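Participant: Take a look at this one; I'll ask things after.
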Amino acid sequence: MQLYSLLGEGPIDYMEVDAIQRGLHDRVAALDAADTLLAWEAKDTYTAGRRTKPQDIPDHSIPVIPMDRGGSVTYHGPGQLVIYPIVKVRPPKDVVAFVRATEAAIIRVLDTSFGLRACAIEGRSGVWFRDGGLDKKVCAIGMKFADDATMHGLALNVSTDLAKFGTIVPCGLADAGVTSMAEQGVEASLDEVARALAPELSRQYRQFQRPERVENYGSAA
């Protein structure tokens, strides 16, 4: 599985990368391209998944882009690592299992590479910290399958400006908060985190790949 990183370009317009993702997804779904982890950083953007409710966006002056992924509304912006796993999966398709594997990869890497003890919470997608009884999400996950290939993915707050989440109800969870690796005491670059995550994501996703598609982790410019 290859890592295709756009992180060297700095924050990018959301819809520009969405077009790249969809073109790559079409090629992966058609078996014309390798399974890929697309890593990038967004300019300030709010996106709304299929589960978004009107009350999740109380500030209607904020432009919000509707997207065809799971989950509710979230923020993307500088300091946040976005990775889209684009994987041709074998049957039976199981998006919940794919999300659980993604959570497991992130939790393991936060622990082994950065010394952070994050967790999964039953009934809530993503990766979390328990902070004095308040659940705080560090990584949002929203995915879908189309033509037996995955789309969208994870958004990990590395050094994100958490105030940008203040004008929405992040992921539709009014009883939870958000956090970042920086708020938890770890300073790291997006590229450093992406290169730590990529091998573990690749390892976790092998169980979903078609046998002929399983290959060693590599990198691409």
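The values are calculated or read from the model by the stated rules, or taken from the named source; none is laboratory data. Keep in mind that what you see is a predicted model, and the values were worked out from it rather than measured. Every residue, glycine as well, gets a Cβ built from its backbone with ideal geometry; the counts of neighbours run over all protein chains shown. Remember, those area values only see protein heavy atoms, side chains included, never the ligands or the DNA or RNA. Shrake-Rupley method; radii C 1.70, N 1.55, O 1.52, S 1.80 Å.
Participant: Say the dipole of the chain comes from +1 at the beta carbon of Lys and Arg and -1 at that of Asp and Glu; which of Ser72, Pro91, Gly10 then lies farthest toward its positive end?
Facilitator: Pro91
Participant: Here is a further query. Using the basic label-point model (7 angstrom from Cα toward the beta carbon), what is the Ala196 to Phe145 distance in nanometres?
Facilitator: 3.2 nm
Participant: May I pose another question? Computed from these coordinates, which is Cα Rg over 2.2 N^0.38 Å: [x] 1.10; [y] 0.95; [z] 1.03?
Facilitator: [y]
Participant: Related question: Using a 1.4 Å probe, how large is the accessible area of Leu116, given in Å² and rounded to the nearest 10?
Facilitator: 10 Å²
Participant: So how exposed is Met151, as accessible area in Å² (1.4 Å probe, rounded to 10)?
Facilitator: Around 10 Å² of this residue is reachable by solvent.
Participant: Round to the nearest 10 and report in Å² the accessible area of Tyr46, as given by a 1.4 Å probe over the protein chains' heavy atoms.
Facilitator: Rounded to the nearest 10, that gives 30 Å².
Participant: Assign unit charges at the C-beta atoms only (+1 for Lys and Arg, -1 for Asp and Glu), then state the dipole size of the chain relative to its Cα centre in Debye, rounded to the nearest 20.
Facilitator: Value, rounded to 20: 700 debye.
Participant: From the phi of every residue in region 68-81, what ³J(HN,Hα) in whole Hz does the Karplus formula 6.51 cos²θ - 1.76 cosθ + 1.60 yield, where θ is phi - 60° and glycine or proline is x?
Facilitator: Calculated HN-Hα couplings, in order: 8, 10, x, x, 10, 7, 8, 10, 10, x, x, x, 10, 8 Hz.
Participant: Run the numbers on the chain and let me know its relative contact order in percent, using alpha-carbon pairs under 8 Å that are six or more apart.
Facilitator: 26 percent.
Participant: Suppose the chain between Asp13 and Arg124 were pulled fully straight at 0.36 nm per residue; how much longer would it get relative to their current alpha carbon spacing?
Facilitator: Full extension of this stretch gives 37.1 nm more.
Participant: Under a cut-off of 21 Å between alpha-carbon atoms, report the lysines in cross-link reach of Lys43, not counting same-chain residues fewer than 8 places apart.
Facilitator: Excluding near neighbours in sequence, the set is Lys137, Lys164.
Participant: Same structure, new question: With r as the distance between the Cβ atoms of Glu187 and Arg22 and R0 = 22 Å, compute the FRET efficiency 1/(1 + (r/R0)^6) and round to 0.05.
Facilitator: Once rounded, the FRET efficiency stands at 0.05.
Participant: What is the angle, in °, between the Cα long axis of helix 14-29 and the longest principal axis of the Cα atoms in the chain? Nearest 10 is fine, range 0 to 90.
Facilitator: With both axes taken from Cα atoms, the answer is about 30 degrees.
Participant: Treating the angle as unsigned and between 0 and 90°, give the value, to the nearest 10°, between the Cα long axis of helix 95-114 and the longest Cα principal axis of the chain.
Facilitator: 70 degrees
Participant: Where in region 67-93 does the amide nitrogen come within less than 17 Å of the point 7 Å from the Cα of Arg50, taken along Cα to Cβ?
Facilitator: Residues 67-74, 93 fall inside that zone.
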